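These notes are about the structure you will find just below.
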Amino acid sequence: MPRKPRPGASSTPGPDPSVPAAGDPRGAAASDPRGAAAGAVRPPGALAAVALLVIVQAAALVGLGIAWLVDLVRGAAELPAATVFLVVFALGVAAVLVGGIRSLWRGNRWARSPVITWQLLLAVMAIGWLGVEPSIWAALVLVSTVVVVIGLLLPSVVAHTVHGREREGGVS
C-alpha cells in the first residue's frame, strides 16, 4: 500500500545541503573544488613577512649547498662524505621550508611545526656563533628566527592557519 503524503508536506525534495545558499559566506568555494583558492581569504600581512624571511633562509641554504657541491666537484672538500651529507641536508631543509611556507600560506596548520623547529635549531646555532665570535651575521640570523617564531604565533596568523581550511570546506 503506497504511503500518502502528510498534509502540508511537499513532494519535491528540499534544497541540497551540499550547495551553499545565496547568503552563505563560503560562496562558490564550498561547492566547487577548483574555486577553493578563489574563495580563500587572503593571508595576513604578518604571514607575508614571515614567508619572506623563511624564503631568504631557504635561499641561503640552497646557496650553501651549491657552494659545498662546487667544493666537492673541485676536490677542495677535505671530507667528501660529510660534504655530500651537508649538500643533501641543506637542500632538504630548504625544500621543507619552502613547502612549509606554501602550506602555511594556504592555511594548513601542520606546516607551522617544521618551520618553528628549524627556527629553534637556527637560534641555537646563532647563539653559539655569538658566543664564539660576535658578528652582525649571527645577530641577524638570531633576530630573523625570533621574528619568524613570533610572527607564526601572532593571533592573525594562527587564526589563518587554524580556520583557513575550514573556510575552504576542507579539513586541516
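The values are calculated or read from the model by the stated rules, or taken from the named source; none is laboratory data. What you see is a predicted model, and the numbers here were worked out from it, not measured in a lab. No Cβ is skipped: glycine too gets one built from the backbone with ideal geometry, and neighbour counts run over all protein chains shown. These area figures cover heavy atoms from the full protein model, side chains too; ligands, DNA and RNA do not enter into them. Shrake-Rupley method; radii C 1.70, N 1.55, O 1.52, S 1.80 Å.
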Test set (1) surrounded by 15 or more Cβ atoms within 10 Å (Cβ to Cβ); (2) in contact with a Pro (Cβ under 8 Å, 6 or more places away or on another chain) - residue 156 fails condition number:
(1)
If the requirement is being open to solvent by 50 Å² or more (accessible area, probe 1.4 Å), in a helix (DSSP H, G or I) and within 21 Å of residue 163 (Cβ to Cβ), which of these qualifies: 137, 129, 105, 68?
105
Determine the pairs where a residue that is under 17 Å from residue 106 (Cα atoms), located within segment 134-156, has a partner that is assigned to a helix (DSSP H, G or I) and of a type in the set (Lys, Arg) with Cβ atoms under 9 Å apart, the partner being 6 or more residues away or on another chain.
152/112; 153/112
Segment 108-118, residues that are touching a residue at least 12 places away in the same chain (Cβ under 8 Å), within 21 Å of residue 43 (Cα to Cα) and either open to solvent by 30 Å² or more (accessible area, probe 1.4 Å) or not small (Gly, Ala, Ser) (or both)
108, 109, 110, 112, 114, 115, 116
Count - residues of segment 80-90 that are touching a helix residue (DSSP H, G or I) at 6+ places or on another chain (Cβ under 9 Å) and either open to solvent by 80 Å² or more (accessible area, probe 1.4 Å) or more than 30 Å from residue 160 (Cβ to Cβ) (or both):
7
Filter result for the condition that a residue is modelled with pLDDT under 95, β-branched (Val, Ile, Thr) and under 28 Å from the mean Cα position of the chain (by Cα), over 56, 41, 19, 96:
41
Open to solvent by 100 Å² or more (accessible area, probe 1.4 Å) and not acidic (Asp, Glu), is that true of residue 73?
yes
Going by the conditions given, is residue 122 under 20 Å from residue 60 (Cα atoms), part of a helix (DSSP H, G or I), open to solvent by 30 Å² or more (accessible area, probe 1.4 Å) and among the hydrophobic types (A, V, I, L, M, F, W, C)?
no
Condition check for residue 100: touching a residue at least 40 places away in the same chain (Cβ under 8 Å) and at positive phi
no
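Let's see how each residue does on (1) modelled with pLDDT of 95 or more; (2) hydroxyl-bearing (Ser, Thr, Tyr):
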position: 108; (1), (2): no, no
position: 123; (1), (2): yes, no
position: 136; (1), (2): yes, no
position: 145; (1), (2): yes, yes
position: 160; (1), (2): no, no
